[in-house]
Structures are given as C-alpha cells and as structure tokens.
1. Condition first: within 20 Å of Arg166 (Cβ to Cβ), part of a loop (DSSP other than H, G, I, E, B) and either of a type in the set (A, V, I, L, M, F, W, C) or out of contact with any Phe, Trp or Tyr (no Cβ under 9 Å at 6 or more places or on another chain) (or both). Now tell me which residues in region 128-153 satisfy that.
2. Restricting the search to region 157-210, which residues are at pLDDT 95 or above, surrounded by 14 or more Cβ atoms within 10 Å (Cβ to Cβ), aliphatic (A, V, I, L, M) and not in a loop (DSSP other than H, G, I, E, B)?
3. Answer yes or no as to whether Gly114 is in contact with a Leu (Cβ under 9 Å, 6 or more places away or on another chain) and assigned to a strand (DSSP E or B).
4. Which residues, taken from region 82-92, are surrounded by fewer than 20 Cβ atoms within 10 Å (Cβ to Cβ) and in contact with a strand residue (DSSP E or B) (Cβ under 7 Å, 6 or more places away or on another chain)?
5. Somewhere in region 102-121, is a residue of a type in the set (Gly, Ala, Ser), in contact (Cβ under 8 Å) with a residue 40 or more places away in the chain and over 25 Å from Glu74 (Cβ atoms)?
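The values are calculated or read from the model by the stated rules, or taken from the named source; none is laboratory data. Predicted, not measured: the structure shown is a model, and the values here were computed from it. Ideal geometry is used to build each Cβ from the backbone, glycine not excepted, and the neighbour counts take in all protein chains shown.
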Amino acid sequence: MSEPLSLERLRPTIPYQAAALAVTVMTASLALSFAEGFTRGPIEHAIAEDTRRSLAEVLPTGSFDNDPGTDRLEARDGDIPVVVHIARQAGVPSAVVLETSTRGYSGEIGLVVGIDREGKVTGVRVTRHSETPGLGDKIEVAKSDWVHHFVGRHLADPDPARWAVRKDGGVFDQFAGATITPRAVVGAVKRSLELYAREHERWFARREAS
C-alpha cells in the first residue's frame, strides 16, 4: 500500500512549485488590479484639477466662461500630439491653450501655451520636465520669471528670425550654463503660434463641446 503524499514531500516537486507560482502571480495580479481600480478615480481627478489650474494661469482673468478643460480637440505639430483647449466667452471663442511638448536637455518638457484671438501669447507654463536643478529648471515659474517674457508676443514680434535665444541671434535670454533648455521652450512656443496661425479658423468653427 502506497504511503499518502504529505505537503513536505510535495513541496520539492515541479508540479507543486508551478502551482504555487501560479497562485502567487494570480494573487499579485488581483491585488494590483484592485489597487489600480481604487486609485484611478483620485488620480484622474488630480490630473484634471492640475490641467484646469494650468489653463487658468495662462488665460486672462474674465476672458472665458466655459470649461476649457473639457472643450478640447486633438491636433498635431508635426509628429508631436497637441491638445487644443478652446476658451469661450458667451459661446464665442476668445482664446486657445495648446498642451504640447518639446525635447529639452534631460528629456521631454511639457508645457501649455495660451494664445488669444489676435494670435498673441497670453501665458506659458511648464507642466513637467526633468531638466537640471539650478540650471534648466529656470523654465519653472516658481524658479524664475523667464516664461513671462513670452506674454504679448506674436509671430511678428519679434521678427520670425529672432524667435530664438540670444546665443542664436534671438531676443530671448538663455540661462548661464544651460542653453538647450530655453532654446527648446522658445522653439515650442514659436511652433505653437505657427500651428495656431494655420489652424485656428478650423478650431474656432467647431461647436462648443457638450
């Protein structure tokens, strides 16, 4: 008569170890799924609030009465995806905010660019970056007023050839020891204005999002 199998004798066997691994993986997957489902709502809410705050910072106070965070469409600046937020006053488009990105020294730089109906910059904010602390991070409004120098600018001010940092013959300051970062942001703002010039009539013809 064969001896009954004990747990101690099963543990070293391949079938037992495979089954134990499968149970562990399944348990971990269920735990991760539960955690993702539990945190997705708060994370999405926080992202939406951050977006609304950034949009409000680059639009003039009182220039809109809709929610530009939801009145939006998709566009492209070459191979760069752009989210276009439409600001409206009494249903009439008053400005746009472009969520775009560019490549800096240490990685991707995300930014929002507000542009009014006349094609003038109403504000610029950097929303994310990984630039060098103490050098490239001067693109943050909390670290420097550098981004404020875009306000009121348009494609003819300065002349297109001077939409660059001073080192490249332009009018915008670079940072000591960090030229790549401001150069990237200047280029992104100029491209945003060019995209607006090409596409704003089509964007403004779009009805307000329901």
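1. The answer is Leu135, Lys143, Asp145, Val151, Gly152.
2. Across region 157-210, the qualifying residues are Val165, Ile180, Ala184, Val185, Val186, Ala188, Val189, Leu193, Leu195.
3. On the way: in contact with a Leu (Cβ under 9 Å, 6 or more places away or on another chain): yes; assigned to a strand (DSSP E or B): yes.
Taking the combined requirement at face value, the residue satisfies it.
4. Of everything in region 82-92, those that are surrounded by fewer than 20 Cβ atoms within 10 Å (Cβ to Cβ) and in contact with a strand residue (DSSP E or B) (Cβ under 7 Å, 6 or more places away or on another chain) turn out to be Val82, Val83, Arg88.
5. Taking region 102-121 as the starting set, the residues that turn out to be of a type in the set (Gly, Ala, Ser) are 104, 106-107, 110, 114, 119.
Then keep just the ones that are in contact (Cβ under 8 Å) with a residue 40 or more places away in the chain; that gives 104, 114, 119.
Pick out the ones that are also over 25 Å from Glu74 (Cβ atoms) and you get none.
No, every residue in region 102-121 fails to be of a type in the set (Gly, Ala, Ser), in contact (Cβ under 8 Å) with a residue 40 or more places away in the chain and over 25 Å from Glu74 (Cβ atoms).
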